């Protein structure tokens, strides 16, 4: 039998870890509708230091738990900065997790992590080994040397690396001294003098040369379009229209949440003109997300908050609303039966805009009356019409109508509340899970059982250990000596 003291300690440890992982799902260190950027930055920084200092092994294993890129980068940097006295077995697992997580980041974020190592003067043997292996296994280091050349040069210098081929000559000896045998490097050199060479470069590099040569913007965008990524085309779509250029964006290749963010930036009338195209793009994006997490649900109801606060902030424009819309599209394909209950009420999702007050109680009653097995509430947790209405509905439902909890009610919150170090909750009867992207929704449902406080710490540890096994190759970590 466990003593009362040990039970209390275990409960505190479980609550600490659940709070931290939940925060890492939602917090991006950016301004939110109800807070500036400073609050989230201070709160999440404190949480990282606290969990690292008290639960280092679990802290490292959070890299396998599906946390967002912002927090993944923080965990990688903090682990590399510390850990001198960790055991060899733990260091091996940490090293493997760090490397896998770093490779999984988008290139610009991964190079930002390497840049932060230099800024924080982290230059121990393990950090140098991670940088060396990361660069050695990049798929197209020549392209990245061109696009991220300042960051790559800084990382190589800080880690004392000798770069292969013409990389060292290009980064350190200057592009103008002699011709290059590497085609992309040579095009970069020629682009300083010849306009035609500009169109052989990545868009972000070519843009500066276009300005240098005085190439008209509409002409430049029309000719460089073939070299642009889907994300770059989405960001420039409105600018291109104003400048009479046309960018062919294949919406079906865009991620689910990113697609919703882009569409919310269009007028409703323009969305309605492209209804079939938008439906097809959402269907393709949802099916692509489901292939990564092939989980299927039964009878699902979603309560989707489109009140004015879902318009987000200047740094996260319409992000909460986009997550709700994208989640609805994903659930439509993941559930055997599905109904969406928007608040304020909405009949056609294509016309969704952020507007009005937040009444979560009414759609919750409707969802429960419909007989859903799973009720998902996608909201920032600021309920004001009436305040705490959904919390009271859930409390009475649990106490009087369904004490055996056969119906699951889960709150998915895309917004971080810096004051409480976690996404804002609706009520004690409804567990809350942070959600950065709708694509992660099904993964988050697996974590939701820990948020309501019913699962013990041992189950959470087993959950993280299982996630580590899925992420790392058979046998645990890297070959001995690869990451020290």
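Remarks
- Among the residues making up the range 405-418, those that are touching a helix residue (DSSP H, G or I) at 6+ places or on another chain (Cβ under 7 Å) and not in a loop (DSSP other than H, G, I, E, B) are 409, 410, 412, 413, 416, 418.
- Selection status of residue 43, modelled with pLDDT under 90, part of a helix (DSSP H, G or I) and buried (at least 20 other Cβ atoms within 10 Å of the Cβ): yes
- Qualifying residue in the range 70-83 (condition: more than 20 Å from the chain's Cα centre (by Cα), in a helix (DSSP H, G or I), free of Cβ contacts under 8 Å to residues at least 24 places away in the same chain and at negative phi): no
- Flag: residue 319 matches the condition of being closer than 30 Å to residue 217 by Cβ, modelled with pLDDT of 90 or more and within 21 Å of the chain's Cα centre (by Cα).
- When the range 430-466 is filtered for residues that are more than 26 Å from residue 294 (Cβ to Cβ) and surrounded by fewer than 19 Cβ atoms within 10 Å (Cβ to Cβ), the ones remaining, listed by number, are 453, 454, 456, 458.
- The one condition in (1) farther than 20 Å from residue 390 by Cβ; (2) touching a residue at least 60 places away in the same chain (Cβ under 8 Å); (3) touching a helix residue (DSSP H, G or I) at 6+ places or on another chain (Cβ under 7 Å) that residue 313 fails to fulfil: (3)
- Scanning the range 345-377 for residues that are outside any helix (DSSP H, G or I) and within 24 Å of residue 434 (Cβ to Cβ) gives 352, 354, 357, 358, 359, 360, 372, 373, 374, 375, 376, 377.
- The one condition in (1) in contact (Cβ under 8 Å) with a residue 12 or more places away in the chain; (2) surrounded by fewer than 24 Cβ atoms within 10 Å (Cβ to Cβ); (3) farther than 19 Å from residue 384 by Cβ that residue 425 fails to fulfil: (3)
- In the range 198-316, counting only helices (runs of 4 or more DSSP H) that sit wholly within it, the ones holding 2 or more residues that are crowded, with 16+ Cβ neighbours inside 10 Å span 203-213, 217-224, 230-242, 256-264, 275-292.
- Within the range 94-125, tally of residues that are in a helix (DSSP H, G or I) and surrounded by fewer than 20 Cβ atoms within 10 Å (Cβ to Cβ): 12
The values are calculated or read from the model by the stated rules, or taken from the named source; none is laboratory data. Fair warning: this is a prediction, and the values are worked out from it, not measured in the lab. Using ideal geometry, Cβ is built from the backbone for each residue, glycine included, and neighbour counts are taken over all protein chains shown.
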